[in-house]
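**Q** Got a structure for you, questions after.
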Amino acid sequence: LGTYIVSFNSAVFAPATQAASSDLGVSREVGTLGTTLYVLGFACGPLIWAPASELWGRRWPLTISMLAGGIFTVASAVAKDIQTLTICRFFAGACGAGQLTVVPGVLADIFDNTYRGVAIQLYALTVFGGPFTAPFVGGFITSSYLGWRWTLYIPAILSFVNGAVSLFFLRETYA
């Protein structure tokens with residue numbers, strides 16, 4: 001679920017680019033940085049989360065990255081200027097990379113060779129399913145009375161719920 005949420009968050013803002021750009025007084029090309037820098041954060045985040053999962057286990061990097069990603073997503077949603085939006089989107093993506101980086105390690109810890117392939121296939125569905133469904137949802141949200149900021153509030157709420165569930169119920173899998 002955490003992987004689906006962060007991959008969903010990567011693309012849900014794309015339909016809101018035009019509305020956010022006009023609201024913040026920038027061109028659409030500059031507004032596109034909200035999506036671009038989130039994905040760039042995906043590239044930088046594993047430098048933090050992968051070593052952390054090997055040093056401290058899988059539970060805390062997964063939980064902290066989910067909650068921190070939610071905080072940066074809320075900061076993006078309440079941004080009053082494009083600088084805040086793009087910087088917070090970058091850090092939300094860097095935190096979201098924790099799910100993309102650590103979950104395969106959790107699957108390797110839990111499943112043996114017999115079932116690991118099926119588990120990785122289901123994981124891959126969440127990685128690709130999020131960006132596939134997000135533009136539809138983002139388009140509906142942006143064109144509704146909610147407005148473009150809710151394309152960020154909804155993934156933030158999902159991140160906080162998942163982070164809270166992880167905080168209380170996720171057990172350590174790393175030996």
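The values are calculated or read from the model by the stated rules, or taken from the named source; none is laboratory data. All values reported here derive from a predicted model rather than from experimental measurement. Positions of Cβ are backbone-derived with ideal geometry, glycine not excepted, and every protein chain shown enters the neighbour counts. Heavy atoms of the whole protein, side chains included, go into the accessibility calculation; ligands, DNA and RNA do not. Shrake-Rupley method; radii C 1.70, N 1.55, O 1.52, S 1.80 Å.
**Q** For Leu40 and Ser144, FRET efficiency with R0 = 22 Å and r from the beta-carbon atoms, rounded to 0.05?
**A** E(calc), rounded to 0.05, equals 0.15.
**Q** Let me ask something else about it. Between helix 2-12 and the chain, what is the angle of the helix's C-alpha long axis to the longest principal axis, kept within 0 to 90° and rounded to the nearest 10?
**A** 20
**Q** On to the next question. Arrange the residues Tyr123, Tyr145, Tyr174, Tyr153 by how much accessible surface each exposes, largest first, with a 1.4 angstrom probe.
**A** Most to least solvent-accessible, the answer reads Tyr145, Tyr174, Tyr153, Tyr123.
**Q** Taking a 1.4 Å probe, which of Ser166, Ser27 shows the most accessible area, and what order do the others take after it?
**A** My answer, sorted largest first, is Ser27, Ser166.
**Q** What angle do you read, to the nearest 10 degrees and between 0 and 90, between the alpha-carbon axis of helix 46-56 and the longest principal axis of the chain?
**A** 30
**Q** Same structure, new question: First measure r as the distance between the Cβ atoms of Phe169 and Ile87, then evaluate 1/(1 + (r/R0)^6) with R0 = 25 Å and state the FRET efficiency to the nearest 0.05.
**A** Calculated transfer efficiency: 0.20.
**Q** So with the 1.4 Å probe, I'd like the accessible area per residue for the stretch 1-119, rounded to whole Å².
**A** 44
**Q** Roughly how many whole Å is it from the C-alpha centroid of the stretch 116-131 to that of the stretch 1-75?
**A** 19
**Q** How would Ser22, Ser53 rank on accessible area, largest to smallest, probe 1.4 Å?
**A** Of Ser22, Ser53, the descending order of accessible area is Ser22, Ser53.
**Q** Answer with a single label: of (1) 23, 17, 14; (2) 30, 16, 13; (3) 36, 18, 14, which was calculated as semi-axes √(5λ) of the Cα gyration tensor in Å from the structure in view?
**A** (2)
**Q** Hey, with R₀ at 35 Å, roughly what FRET efficiency would Leu55 and Thr114 work out to, going by the Cβ-Cβ distance, to 0.05?
**A** 0.75
**Q** Full-extension gain between Ser22 and Phe128, please, as 0.36 nm times their residue separation minus the C-alpha to C-alpha distance.
**A** 35.2 nm
**Q** Let me ask something else about it. Run the accessible area of the chain with a 1.4 Å probe and give the carbon-and-sulfur part as a rounded percent.
**A** Of all accessible area on the chain, carbon and sulfur atoms account for 73 percent.
**Q** Quick check for you: with a 1.4 Å probe and neighbouring chains kept, what is the accessible area per residue of the stretch 132-175, in Å²?
**A** 64
**Q** Something else: Specify the angular offset, from 0 to 90 degrees and rounded to the nearest 10, of the alpha carbon long axis of helix 59-77 from the longest principal axis of the alpha carbons in the chain.
**A** Relative to the chain, helix 59-77 is tipped by roughly 0 degrees.
**Q** Another one. Rounded, prolate or oblate, given the Cα gyration tensor of the stretch 117-175, with a/c below 1.5 counting as rounded?
**A** In terms of gyration-tensor shape, oblate.
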